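Student: Structure below; questions to follow.
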Amino acid sequence: MDTLSHALWGRGLFGYRGYKWLAIFFGAMPDLFSFGILIIVRLFSGNYTSGNYAYEGPPSLETIPNWVFFNYDLSHSFITAFLCIGIVYFFNRALIFPMLAWPFHILLDFPFHSKEYFPTKFLWPLTDFSIDGIPWSNPEVWFPNMAGIIILFIYRNKKFFSQYLK
């Protein structure tokens with residue numbers, strides 16, 4: 001799933017009780033922890049290309065440093081997510097609900113990543129098991145994802161819409 005969709009799902013599902021920015025952050029965080037850091041490193045090193053994926057496709061795996069794979073596995077694991085959420089539980093329980101956007105990110109990713117390109121090892125480090133899913137960029141996944149986000153935000157903003165639909 002694309003990072004923006006994760007952020008929107010996080011906001012729509014876990015940001016309505018307050019902490020909307022934290023829900024957006026935790027919705028996107030697993031991707032930011034791997035690819036976001038890579039983009040920053042490449043920007044500062046002067047090794048950043050436009051990444052026009054529509055024409056060039058995603059970067060080849062050989063051009064991606066090993067630490068990105070480690071960070072991806074670490075941040076896309078239910079083990080890591082629930083361990084961190086469990087620790088935060090003892091310090092500030094109010095933050096738990098928006099943090100649930102993190103495991104929801106993983107839940108969305110593992111069926112929508114193929115084994116060829118960043119499979120989601122959702123029980124890492126216990127196992128490297130992953131599902132050979134349908135890539136999220138396929139229209140049969142992308143369009144329902146967008147429809148789901150739109151429906152969710154209409155539902156969340158039903159008061160706003162109801163005053164204009166009278």
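Student: Being more than 12 Å from the chain's Cα centre (by Cα) and either at pLDDT 90 or above or not small (Gly, Ala, Ser) (or both) is the requirement here; does LEU95 meet it?
Tutor: Values: more than 12 Å from the chain's Cα centre (by Cα): yes; either at pLDDT 90 or above or not small (Gly, Ala, Ser) (or both): yes.
Yes; evaluated as a whole, the condition is true for this residue.
Student: Moving on to the next point. In region 50-86, what count of residues is obtained for those that are modelled with pLDDT under 90 and hydrophobic (A, V, I, L, M, F, W, C)?
Tutor: 1
Student: Moving on. For ASN47, are the conditions met, namely being more than 23 Å from GLY12 (Cβ to Cβ) and at pLDDT below 95?
Tutor: Working: more than 23 Å from GLY12 (Cβ to Cβ): yes; at pLDDT below 95: yes.
Against the criterion (more than 23 Å from GLY12 (Cβ to Cβ) and at pLDDT below 95), ASN47 qualifies.
Student: Moving to a separate point now. So is PHE122 in contact with a helix residue (DSSP H, G or I) (Cβ under 9 Å, 6 or more places away or on another chain), modelled with pLDDT of 95 or more, surrounded by 14 or more Cβ atoms within 10 Å (Cβ to Cβ) and assigned to a loop (DSSP other than H, G, I, E, B) or not?
Tutor: Yes; evaluated as a whole, the condition is true for this residue.
Student: Being under 12 Å from the mean Cα position of the chain (by Cα) and either surrounded by 14 or more Cβ atoms within 10 Å (Cβ to Cβ) or more than 23 Å from VAL141 (Cα to Cα) (or both) is the requirement here; does LEU38 meet it?
Tutor: Numbers: under 12 Å from the mean Cα position of the chain (by Cα): no; either surrounded by 14 or more Cβ atoms within 10 Å (Cβ to Cβ) or more than 23 Å from VAL141 (Cα to Cα) (or both): yes.
For LEU38, the condition - under 12 Å from the mean Cα position of the chain (by Cα) and either surrounded by 14 or more Cβ atoms within 10 Å (Cβ to Cβ) or more than 23 Å from VAL141 (Cα to Cα) (or both) - is not met.
Student: In region 81-108, which residues are crowded, with 18+ Cβ neighbours inside 10 Å and either out of contact with any Phe, Trp or Tyr (no Cβ under 8 Å at 6 or more places or on another chain) or not in a helix (DSSP H, G or I) (or both)?
Tutor: Passing the criteria: only LEU100.
Student: Can you find, within region 8-18, the residue that is modelled with the lowest pLDDT among those that are farther than 14 Å from GLY148 by Cβ and crowded, with 20+ Cβ neighbours inside 10 Å?
Tutor: Going through region 8-18, the residues farther than 14 Å from GLY148 by Cβ turn out to be 14-18.
After this cut, where a residue has to be crowded, with 20+ Cβ neighbours inside 10 Å as well, the list is 14-15.
Values: PHE14: 96, GLY15: 93.
By that ranking, first place goes to GLY15.
Student: Scan region 84-96 and give yes if some residue there is of a type outside the set (Val, Ile, Thr), free of Cβ contacts under 8 Å to residues at least 24 places away in the same chain and under 27 Å from ILE131 (Cα atoms), otherwise no.
Tutor: Narrowing region 84-96 to residues of a type outside the set (Val, Ile, Thr): 84, 86, 89-95.
So of that shortlist, the ones also free of Cβ contacts under 8 Å to residues at least 24 places away in the same chain come out as 84, 86, 89-93.
Subset that is under 27 Å from ILE131 (Cα atoms): 84, 86.
Scanning region 84-96, I find at least one residue that is of a type outside the set (Val, Ile, Thr), free of Cβ contacts under 8 Å to residues at least 24 places away in the same chain and under 27 Å from ILE131 (Cα atoms), so the answer is yes.
The values are calculated or read from the model by the stated rules, or taken from the named source; none is laboratory data. No experiment lies behind these values; they were computed from the predicted model shown. Using ideal geometry, Cβ is built from the backbone for each residue, glycine included, and neighbour counts are taken over all protein chains shown.
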